[in-house]
Amino acid sequence: MNQTGLLQLLAIPTAPYREERVSQWIQTELRKHQVPYFCDTFGNLVVGVSSEQEYRILLSQPEKEPLRMFVAHMDHPGFHGTRWKSSSQLEVKWLGGTPRKHLVGSAVWLALPDGTTTSGTLVSATLDRNKTHLVKAMIRCDLIPEKVDAKQLFGGFAFKAPVWKKGSLIYTKAADDLVGCFVAIELLKKVIEDRPRRAIALLTRAEEVGFVGCIAHVTSSGIQEAKRPLVFVSLETSRTLPGAEIGKGPVVRLGDRASIFSAAGSEVLHQVAEKKLKKKYQRRIMDGGTCEATVGVAHRIPSIGISIPLGNYHNQGLQGGPECRGELGPAPEFVSISDIQGMLKLCEGLLEVNLPWEDPWENRRQQLGKYLKEGKPLLERFS
Ligand SMILES: [Zn+2]
């Protein structure tokens with residue numbers, strides 16, 4: 001696993017609808033490794049095919065093997081500038097989930113149109129009516145070149161660095177879902193030579209504000225009319241929960257807050273996890289949030305999910321740790337390196353041929369048959 005690349009990617013500024021820098025880094029990485037890709041009409045990246053035409057051909061092949069679509073998103077909750085209140089005070093609106101306490105005085109980063117970043121401090125904050133997340137704030141900016149249009153600025157919470165390692169953990173301003181994007185790219189880099197027809201990655205925009213990029217792609221790319229079976233595989237970082245703990249392996253995600261995923265697909269994933277990771281994986285419904293598999297489910301595409309347990313989800317100080325400003329205050333997200341390696345292994349396992357996508361329960365039926373054989377005489381005695 002290219003850890004240097006992961007750290008580079010995690011340091012890049014992103015926010016809903018402002019994924020351009022992440023997208024550019026990914027494109028450079030893909031070109032470097034000769035992995036084909038194209039940008040769809042909405043700026044989502046489709047990795048593994050070089051054009052929309054090639055994509056449609058792939059979807060129209062009468063193959064038995066399902067096309068695995070690994071889906072991850074390039075954005076993270078953040079703010080957009082709305083207007084200058086004074087020469088150094090910027091009014092911003094926040095998009096996506098946020099911390100809700102200890103906000104005033106916290107540090108932020110701001111991305112400038114010239115590709116650089118600067119810093120600032122949050123001087124006032126407005127939460128939504130239910131007081132669950134930030135909707136508006138005032139930022140005092142440190143160094144802003146003259147005459148920058150407020151609306152071109154975007155940013156998020158800042159910590160001592162955009163990314164750093166501590167033991168087996170990575171702390172960052174945004175693991176969600178740049179980690180998912182990283183795994184998808186690593187996977188495609190690895191398999192593009194020998195398995196070009198079974199895997200593609202869809203790296204989307206504006207997930208944090210309602211899966212907007214993903215919905216745009218699903219409803220207009222022709223995947224709903226595909227001639228071959230599809231499996232949507234959401235690659236996410238998800239709020240850590242009991243039974244989905246950091247460092248104990250990736251999670252076979254059975255569902256999210258909105259949906260239960262494909263029973264057959266999830267069973268295949270479970271079997272792959274048993275084989276590839278032995279006991280070093282976890283399995284549960286991750287209902288701390290939603291993910292793009294829900295878009296798949298709603299469009300009747302068999303969908304499954306793999307999650308990396310995420311500390312301080314959406315920069316909320318839920319687990320605390322270094323640089324956390326207090327409970328439910330701004331905090332860096334963190335993930336375990338071994339969980340990321342586990343996710344990559346699971347993805348590779350999902351690409352093996354002849355996995356029982358249509359009927360993964362044959363062994364289970366045999367087992368049930370044994371139960372019946374043993375118990376049936378007792379059933380008969382009662383009648
Ligand atoms: Zn996410």
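The values are calculated or read from the model by the stated rules, or taken from the named source; none is laboratory data. Everything numeric in this text was worked out from a predicted model, so none of it was measured. Ideal geometry is used to build each Cβ from the backbone, glycine not excepted, and the neighbour counts take in all protein chains shown.
Note on the stretch 286-303: residues that are more than 16 Å from the ligand (Cβ to nearest atom) and not in a helix (DSSP H, G or I) total 4. Total residues in the stretch 32-67 satisfying the condition of being of a type outside the set (A, V, I, L, M), away from the ligand (no atom under 16 Å from the Cβ) and assigned to a loop (DSSP other than H, G, I, E, B): the figure is 16.
Just one of the listed residues (F79, F70) is among the aromatic types (F, W, Y), modelled with pLDDT of 95 or more and within 16 Å of the ligand (Cβ to nearest atom), and it is F70.
Summed over the stretch 153-179, residues that are touching a Cys at 6+ places or on another chain (Cβ under 9 Å) and within 16 Å of the ligand (Cβ to nearest atom) total 1.
With respect to being under 30 Å from K189 (Cα atoms), in contact with a His (Cβ under 7 Å, 6 or more places away or on another chain) and outside the structural domain of K101 (by TED's automatic domain parsing), R325 falls outside the description.
Annotation: of all residues in the stretch 161-186 being over 18 Å from V22 (Cβ atoms), touching a residue at least 12 places away in the same chain (Cβ under 8 Å) and in contact with a Phe, Trp or Tyr (Cβ under 9 Å, 6 or more places away or on another chain), the one that is surrounded by the most Cβ atoms within 10 Å (Cβ to Cβ) is Y171. Going through (1) among the acidic types (D, E); (2) buried (at least 21 other Cβ atoms within 10 Å of the Cβ); (3) not in a loop (DSSP other than H, G, I, E, B) one by one, E91 falls short only on (2). Screening G375 on (1) within 25 Å of the chain's Cα centre (by Cα); (2) small (G, A, S); (3) modelled with pLDDT under 95 shows it passes everything except condition (1). Looking only at residues in the stretch 240-267 that are buried (at least 23 other Cβ atoms within 10 Å of the Cβ) and more than 22 Å from F211 (Cα to Cα), which one is farthest from the ligand (Cβ to nearest atom)? The extreme case among them is G249. Annotation note: Cβ proximity below 9 Å between a residue of the stretch 361-374 that is in a helix (DSSP H, G or I) and a residue that is at pLDDT below 95 and among the aliphatic types (A, V, I, L, M) (sequence gap 6+ or interchain) occurs for L372/L379. Taken over the stretch 207-239, the criterion of being under 11 Å from the mean Cα position of the chain (by Cα), among the β-branched types (V, I, T) and within 12 Å of the ligand (Cβ to nearest atom) is satisfied by T237 alone. Look through K93, K101 and report the one residue that is free of Cβ contacts under 8 Å to residues at least 60 places away in the same chain, more than 16 Å from the ligand (Cβ to nearest atom) and charged (D, E, K, R). Checking each option against the conditions leaves just K93. Here E274 clears all of (1) surrounded by fewer than 18 Cβ atoms within 10 Å (Cβ to Cβ); (2) touching a residue at least 60 places away in the same chain (Cβ under 8 Å) except the condition numbered (2). Scanning the stretch 211-224 for any residue that is closer than 18 Å to I340 by Cα and of a type in the set (A, V, I, L, M) turns up nothing.
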